[in-house]
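The structure appears below as structure tokens.
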Ligand SMILES: [Zn+2]
């Protein structure tokens, strides 16, 4: 974990801040004692005592921590509202968003999906947030190697998010310190043509629509939360082509400016 309370206070501190030596810490979830690990092997983090059974304790990769801290610091720098932006928010039972924006009008959880993710977890959390009127930004790590080509072979959770998100995915770009949005279209397998002896003619087979691979049709960089719009889906939606339902959700989505905006301005 990256956050803890200083013992006997409600002051939340972050492991990546170095000025914490000599303090004693407790977990923001279970109030158990935590230890600041600042070793050479792993990035600074707080850890429970080995005998702890905290429900919030889970393994985090170095990459996940890097993304979490990057998002938090970029948003604090942009909006300056330190008290309104929180890391590892504990106010929502069953969820612990990487970053939480407690805005004047809206509450937004930024859920970071760096390591393997169970699709059902996305569905469950979406509906927990929905019930509490909290919006969500699901964000994936920007991996230039995967996104450089014309196509992306999606993992299961990426597919679900893509369907929930109107054929788009939202990534956090570490170098740009902002979101990047990729837009997708259907991809087709190779079409083939061969000579069929029985028919005595060339036979042509059109390539099949691929189930997990999609064409990357557009990549938009430098997106910030203010470029996203709030979308409410108040019903579960069963998809014919997909084995999971799209959950009830409040999503902050990137929607390109309407095409006729330019025309309106000219009138
Ligand atoms: Zn704990």
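Of note:
- Take every Cα pair under 8 Å whose residues are at least 6 apart in sequence, average their separation, divide by the length of the range 82-136, and the relative contact order is 28 percent.
- The chain: calculated mean residue ellipticity at 222 nm from DSSP helix runs of at least 4, using -39500 (n - 2.57): -5500 deg cm²/dmol
- Largest mean-square fluctuation among 105, 12, 159, in a Gaussian network model of the chain whose springs join Cα atoms under 10 Å apart, belongs to 105.
- Fluctuation leader among 158, 73, 23 - the chain, Gaussian network, Cα springs under 10 angstrom: 23
- Rel. contact order, % - alpha carbon contacts under 8 angstrom, at least six apart, the range 109-267: 24 percent
- Euclidean distance of C-alpha centroids, the range 1-72 and the range 107-153, integer Å: 23 Å
- The DSSP beta bridges internal to the chain are antiparallel in roughly 85% of cases.
- Relative contact order (percent, whole number), the chain, Cα cutoff 8 Å, 6+ residue spacing: 12 percent
- Taking the convex hull of Cα positions in the chain, its mean projected area over all directions (nm²): 21.4 nm²
- Cβ crowding within 10 Å ranks 76, 203, 114 as 203, 76, 114, fewest other Cβ atoms first.
- Rg and Dmax of the range 45-105, based on Cα coordinates, read 13.2, 41 Å.
- Hydrodynamic radius of the range 1-97 per Kirkwood, over alpha carbon pairs, in Å: 14.0 Å
Any read-out appearing in this document is the output of simple, stated calculations on the displayed coordinates, not a laboratory observation. These numbers were taken from a predicted model, which means no experiment stands behind them. FYI the Cβ positions are ideal-geometry reconstructions off the backbone, even for glycines, and counts take in every protein chain you see.
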